[in-house]
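Take a look at the structure below.
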Amino acid sequence: MKVLTVVGARPQFVKAAAVSRVLRTAAREIMVHTGQHYDARMSQIFFDELNIPTPDYNLEVGSGHHGQQTGEMLQRLEPILEKEMPDWVMVYGDTNSTLAGALTASKLYIPVAHVEAGLRSFNRRMPEEINRVLTDHISDLLFCPSNVAVENLAKEGITNGVYEVGDVMADALQHAVKSAGESPEILARLKLSPKQYILATVHRAENTDNPERMAAILKAFASVEDIILFPVHPRTRKVLISQGLTVSPNVMMIEPVGYIEMAALEKNARMILTDSGGVQKEAYWLGIPCITLRDETEWVETVDSGWNQLTGVDQEKIVYMIKEFPIPAQHISLYGDGSASEKIVQMILKN
């Protein structure tokens, strides 16, 4: 069996690493990197440290407006799929790379497997929401991380080929935490002590492309005494420079780090502030209180559990939660048992 995997963004590299480790023991995998994330700190470092095989193809699409970027991917993917004619095309998550891979395959009548299917934020102004909805409706196998995701699909009339397998990110996080060890070098390098800092990530367009929202987040950071460690996404850094936004002395801005170092920083943080879906889950699995700088989330179970609090960019809410986060007494298991990759590969081989 031949499976062609399409990836292009940082979270997809992490997910694909977990699945590829299992998939390549039973099938031939062709890896296509669209080049959506092309900065070495957002791309190559993940291939290196997670032992992801070198992509068979790199489309080198780069950044651009959504239509332009997706169109370029479609144009460059089609001849590759026609040449390889895989049994399955596998896509991950909700990026433009996800949609382009699924669309190209469906036009060529190649079955599509969508990992992380069924997620919904119910905010159609998010590009990610459009990507995930469209991808789900043209996929043949839909691998869901939770029962809520399965129910979301059923409400849209999608019931065939739907499987609740858990979340491959749990598989990847277990591997990363083990690799980082108990005394990660990055803490010593940054002169940080465990539980003596807050980790923050901001990269979603709804925040970075809105100067008022970005300024409100930075004001909230400045309103607390905690050290806030802020690995800055390249797009976010461009916005800070172009808008003339500055950070307060308690904010430690650093370049993006690899997945293993990021897992170590998450595990040792007192709290996490983020607009990333992946980081919300990782915070939950590690038992770290999380404040989500968005008005809604597709990972509703983390909010229902009490370990994730939605604040949007309301400065008062953010500051209050940093100081008074109500840590729940319980921490139940969410999104599977860390064997999602095995379950996904088993279903691919059966079909």
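The values are calculated or read from the model by the stated rules, or taken from the named source; none is laboratory data. Predicted model only: the values in this text are computed from it and were never measured. Heads up, the Cβs are rebuilt from the backbone with ideal geometry, glycines too, and the neighbour counts pull from every protein chain shown.
Worth a mention:
Conditions (1) closer than 27 Å to E255 by Cα; (2) surrounded by fewer than 20 Cβ atoms within 10 Å (Cβ to Cβ); (3) free of Cβ contacts under 8 Å to residues at least 24 places away in the same chain; (4) of a type in the set (G, A, S), marked per residue:
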| position | (1), (2), (3), (4) |
| --- | --- |
| R28 | no, yes, no, no |
| E60 | yes, yes, no, no |
| S63 | yes, yes, no, yes |
| L81 | no, no, no, no |
| M85 | no, yes, no, no |
| Y92 | yes, no, no, no |
| L108 | no, yes, no, no |
| H114 | no, no, no, no |
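- Every condition in (1) touching a residue at least 12 places away in the same chain (Cβ under 8 Å); (2) farther than 24 Å from R213 by Cα; (3) not basic (K, R) holds for S333 except the one numbered (1).
- Tally, over the stretch 305-342, of residues that are touching a Gly at 6+ places or on another chain (Cβ under 7 Å) and assigned to a helix (DSSP H, G or I): 1
- When V7, V14, V3 are screened for being in contact (Cβ under 8 Å) with a residue 12 or more places away in the chain, farther than 25 Å from A205 by Cα and in contact with a helix residue (DSSP H, G or I) (Cβ under 7 Å, 6 or more places away or on another chain), only V3 passes.
- Top-ranked residue of the stretch 237-262 - restricted to ones that are of a type outside the set (D, E, K, R) and under 16 Å from the mean Cα position of the chain (by Cα), ranked as farthest from D275 (Cα to Cα): I260
- Hits in the stretch 131-145 (condition: surrounded by fewer than 24 Cβ atoms within 10 Å (Cβ to Cβ) and in contact with a helix residue (DSSP H, G or I) (Cβ under 8 Å, 6 or more places away or on another chain)): N131, L134, I138, L141
- Scanning the stretch 218-237 for residues that are free of Cβ contacts under 8 Å to residues at least 40 places away in the same chain and either part of a loop (DSSP other than H, G, I, E, B) or among the aliphatic types (A, V, I, L, M) (or both) gives L218, A222, E225, I227, V232.
- K267 at pLDDT 95 or above, within 18 Å of I228 (Cα to Cα) and surrounded by 15 or more Cβ atoms within 10 Å (Cβ to Cβ): yes
- Within the stretch 94-106, the set of residues being among the β-branched types (V, I, T) and in contact (Cβ under 8 Å) with a residue 40 or more places away in the chain comprises T95, T98.
- Residue-level check: of (1) within 20 Å of W285 (Cα to Cα); (2) surrounded by fewer than 18 Cβ atoms within 10 Å (Cβ to Cβ); (3) modelled with pLDDT of 95 or more; (4) touching an Asp or Glu at 6+ places or on another chain (Cβ under 9 Å), S179 misses just (3).
- Conditions (1) in contact with a strand residue (DSSP E or B) (Cβ under 9 Å, 6 or more places away or on another chain); (2) surrounded by fewer than 18 Cβ atoms within 10 Å (Cβ to Cβ): number failed by A200: (2)
- Test result for G338, out of contact with any Ser or Thr (no Cβ under 8 Å at 6 or more places or on another chain), at positive phi, surrounded by fewer than 22 Cβ atoms within 10 Å (Cβ to Cβ) and at pLDDT below 95: yes
- Residue within the stretch 238-246 that is touching a Leu at 6+ places or on another chain (Cβ under 7 Å), part of a loop (DSSP other than H, G, I, E, B) and modelled with pLDDT under 95 present: yes
- Checked against the criteria, L119 counts as in contact (Cβ under 8 Å) with a residue 60 or more places away in the chain, touching a Lys or Arg at 6+ places or on another chain (Cβ under 8 Å) and farther than 19 Å from M347 by Cα.
- Of all residues in the stretch 1-33 being closer than 19 Å to H233 by Cα and outside any helix (DSSP H, G or I), the one that is modelled with the highest pLDDT: V7
- Applying the criterion of at least 1 residues that are free of Cβ contacts under 8 Å to residues at least 40 places away in the same chain and charged (D, E, K, R) to the helices (runs of 4 or more DSSP H) found wholly in the stretch 134-209 leaves 147-155, 168-180, 185-190.
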